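The values are calculated or read from the model by the stated rules, or taken from the named source; none is laboratory data. Keep in mind that this is a model prediction, so the values were computed, not measured. Using ideal geometry, Cβ is built from the backbone for each residue, glycine included, and neighbour counts are taken over all protein chains shown.
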Amino acid sequence: MDAPDVYTNTDEDYLAGTRKRSRPGTDPSDKHYEQVTDGAGRKVSNKPPNKPFLKAKAQREAHAARVADDAKRRAGQNPSSIPWGTIMLVFMFLPLLSQFSTGSWTFNLSPHIVPPIQKYWKTSPFNPNKIKLRQFTPERLARHDGSNPNLPLYLAIDGQVFDVSSNRRVYGPGGSYNFMTGKDASRAFITGCFETHQTHDLRGLSVEELKALDHWKSFFADHKSYALVGHVLNPDIDPSTPIPPPCDQDEQPGGTAPGSSHAGPHGPQVRPAPAQSPVEARPQAKGKAKGEL
Ligand code: HEM
């Protein structure tokens, strides 16, 4: 039997002075609540008394989603699951492994890694103290010949000044090519007359010979750890002074003929085979100390 309709008013229900009853939701003064699905899949109103139950349902759903996501990640299905922890551990372990196996913290790679980074940093726009190209007087440049260990080692070639401090063994005091520092000895780069041609005077050299100078300029400019730091204001050459005479070819390292365009170990030309060990053959090895230059 159908339940009696207690909501539909009849005339008998109406008494003067009383409010007419109506079906819930049909009275214009009734509040309307949205219909939502509850935890059991039923459509229910989201009226305030239902809110705690609906909130609990939302929390259960969020939890289930998290559990599913974790399971997916563990199964390796999620490409964004990078094992950062493991990667960090490996990186922390590598220096130790290097120290045990090679005795260095960087698998002996620091000479190859550090200088290029230093060179980049010296001129990097991100470096607040980056090198600003400077103008050197010959006197100012001369201070960078290694005699003051606190100053960087600079050498000049065709007016360009390079920082060669990263190779102190070769350019520092006692090094084979220390005589090149603190000055522009461009002519010596071409002629190999390391003692008598320490000058920027290039008069009398052939086009071919001047190409060798370009080679050396590129050598320093492109070198992974030498940086251009400025220019030297070489004094003008007095045209009335004599062109530096060729040096005695017997005295050249490896027997290099004066005026020949031999450009050393990095040059395009073939270096004459040294009759003795290169270190003995090079100028400093002939007893030429820095102070005597
Ligand atoms: C025009 C002649 C020459 C010039 C201008 C010249 C110049 C140079 C320069 C600038 C360097 C240093 C390169 C660097 O920064 O790494 C160098 C290195 C060297 N040069 Fe010469 N060189 C000449 C002739 C020779 C000759 C004839 C020999 C051999 C007998 C020689 C043997 C060496 C050696 C062995 C090194 C390596 C030094 C080291 O790393 O300890 N060079 N040369």
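When Lys122 is tested against (1) more than 14 Å from the ligand (Cβ to nearest atom); (2) in the same structural domain as Tyr226 (by TED's automatic domain parsing); (3) not aliphatic (A, V, I, L, M), only condition (2) is not met. For region 147-156, the set of residues classified as of a type outside the set (Ser, Thr, Tyr) and crowded, with 22+ Cβ neighbours inside 10 Å consists of Leu153, Leu155, Ala156, listed by residue number. Checking Leu155 against (1) within 19 Å of His231 (Cβ to Cβ); (2) in a loop (DSSP other than H, G, I, E, B): exactly one of these is not met. Which one? For Leu155, the exception is condition (2). Of the listed requirements (1) loosely packed, with under 14 Cβ neighbours inside 10 Å; (2) modelled with pLDDT of 85 or more, Asn129 misses just one: (2). Considering each residue of region 173-187, count those that are surrounded by fewer than 24 Cβ atoms within 10 Å (Cβ to Cβ) and of a type in the set (A, V, I, L, M), and give that number. Total meeting the criteria: 1.
Suppose we keep only residues that are farther than 20 Å from Leu202 by Cβ and of a type outside the set (S, T, N, Q) within region 173-188. Which one would you say is farthest from the chain's Cα centre (by Cα)? Reasoning before the result, please.
Just the residues of region 173-188 that are farther than 20 Å from Leu202 by Cβ, to begin with: 173-176, 178.
Checking which are of a type outside the set (S, T, N, Q) leaves us with 173-175.
Working: Pro173: 31, Gly174: 33, Gly175: 30 Å.
Checked region 173-188; the qualifying residue farthest from the chain's Cα centre (by Cα) is Gly174.
As a summary of the residue check, Val170 satisfies the conditions (1) more than 30 Å from the chain's Cα centre (by Cα); (2) surrounded by fewer than 22 Cβ atoms within 10 Å (Cβ to Cβ); (3) among the hydrophobic types (A, V, I, L, M, F, W, C) except for the one numbered (1).
The number of residues in region 227-244 being away from the ligand (no atom under 16 Å from the Cβ), crowded, with 18+ Cβ neighbours inside 10 Å and hydrophobic (A, V, I, L, M, F, W, C) comes to 1.
Selection of first residues in region 183-197 that are in the same structural domain as Gly172 (by TED's automatic domain parsing) and at positive phi and of second residues that are crowded, with 23+ Cβ neighbours inside 10 Å and hydroxyl-bearing (Ser, Thr, Tyr), restricted to Cβ pairs under 9 Å at least 6 apart or on distinct chains, gives the following pairs, ordered by first then second residue: Gly192/Thr256.
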